[in-house]
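Undergrad: The structure's right below; bear with me while I get my questions together.
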Amino acid sequence: METKCSLSIVIPVYNGAATIGRLVDELARLSVNGGLEIVLVNDGSCDNSADVCEALVSKYQVPITFINLSRNFGEHNAVMAGLHHDRGEYVITMDDDLQNPPSEVVKLYEFARASDYDVVYTSFQSKEHNSFRNFGSWLTNRAADFLLDKPKGLYLSSFRCMNAFTVEQIRKYTGPFSYIDGLVLQVTQKIGTIEVVHLPRKVGKSNYTFRKLVHLWLNMFVNFSIMPLHISTVGGIVLSTLGLLGVIEQTLEYFFWHKPQGWATIVCIILIFSGAQLFILGLIGEYIGRLHLTSNRKPQFVIRTIKQNH
């Protein structure tokens, strides 16, 4: 794709009507050598975010692309839609809630540009999310350490800067189960980090829910790792070994100590083994189901309209 500006800022918008206007206003005032563009992706918002974003396209001289998706596809798929329409040498992704100050965009961009990193993530000295989101982010990062071969000490955040090479490689993923950080870690290990300011949320409430957290974990576990299958194999071996030891123990008791048969114990063992089998079958079913949906070309995103001022 032809590069026409130095920096693209991709913002997935979900119920962000109260904040996106101020965010774009502050971004439009930034001075970046080579110019910048803003890519807004409305991810099936329930409020009037689409109308607000469409009005912003006509309001500013800075190049703005507004992508209106046909329904809610999830944050990472919305970001993918934006990445397919950016034109920058570098791309910054950020949330629409104003908790990442626009003034930190230039700091992040200049650090990435001056470094040899393909991707630069931001870290926060003090995170101003609510306790549930902080815990969810911590848990997600710990899971990524285990599953994704993440560089030690790297904190994964949605406020990140990627060069054009990385973005071009990420675009090649066409499946419906996008996970940007998983794709980044498949592409490169040249990843840096920079500390930035994180502000408290002043308007509205977080769209981060338990359901979205589970969906993110499933994408990470199933689409970007086969570690769960390894764990299932090891678990199956352990349970089978315990079962064999149990049979030996029961046989010895029957022939040498003549103890009555422990039916309650047998029932518990059967329940444990049955539960383990159902869990593993469900895990395998999750892999197969996702392959089925991907082979049937479930869309990563569907664009209803695009509006630009350039």
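The values are calculated or read from the model by the stated rules, or taken from the named source; none is laboratory data. Keep in mind the model is a prediction, meaning the values are calculated, not measured. Using ideal geometry, Cβ is built from the backbone for each residue, glycine included, and neighbour counts are taken over all protein chains shown.
Undergrad: Restricting to the stretch 58-94, what's the tally of residues that are out of contact with any strand residue (DSSP E or B) (no Cβ under 6 Å at 6 or more places or on another chain) and more than 17 Å from SER178 (Cα to Cα)?
TA: So the count comes out to 5.
Undergrad: Would you please name the residue that is nearest to VAL302 (Cα to Cα), looking only at residues in the stretch 155-193 that are in a loop (DSSP other than H, G, I, E, B) and more than 15 Å from the chain's Cα centre (by Cα)?
TA: If we take residues in the stretch 155-193 being in a loop (DSSP other than H, G, I, E, B) and more than 15 Å from the chain's Cα centre (by Cα), then THR174 is nearest to VAL302 (Cα to Cα).
Undergrad: Hey, among the residues in the stretch 76-130 that are of a type in the set (Gly, Ala, Ser) and closer than 23 Å to ALA18 by Cβ, which one's nearest to the chain's Cα centre (by Cα)?
TA: Result: ALA78.
Undergrad: Which condition number does HIS310 fail, the rest of (1) in contact (Cβ under 8 Å) with a residue 12 or more places away in the chain; (2) part of a helix (DSSP H, G or I); (3) over 26 Å from the mean Cα position of the chain (by Cα) being met?
TA: In the conditions (1) in contact (Cβ under 8 Å) with a residue 12 or more places away in the chain; (2) part of a helix (DSSP H, G or I); (3) over 26 Å from the mean Cα position of the chain (by Cα), HIS310 misses (2) alone.
Undergrad: Which condition from (1) at pLDDT 75 or above; (2) closer than 22 Å to ALA276 by Cβ; (3) assigned by TED's automatic domain parsing to the domain that holds TYR14 is the one that TRP217 breaks?
TA: Evaluating TRP217 over (1) at pLDDT 75 or above; (2) closer than 22 Å to ALA276 by Cβ; (3) assigned by TED's automatic domain parsing to the domain that holds TYR14 leaves (1) as the failure.
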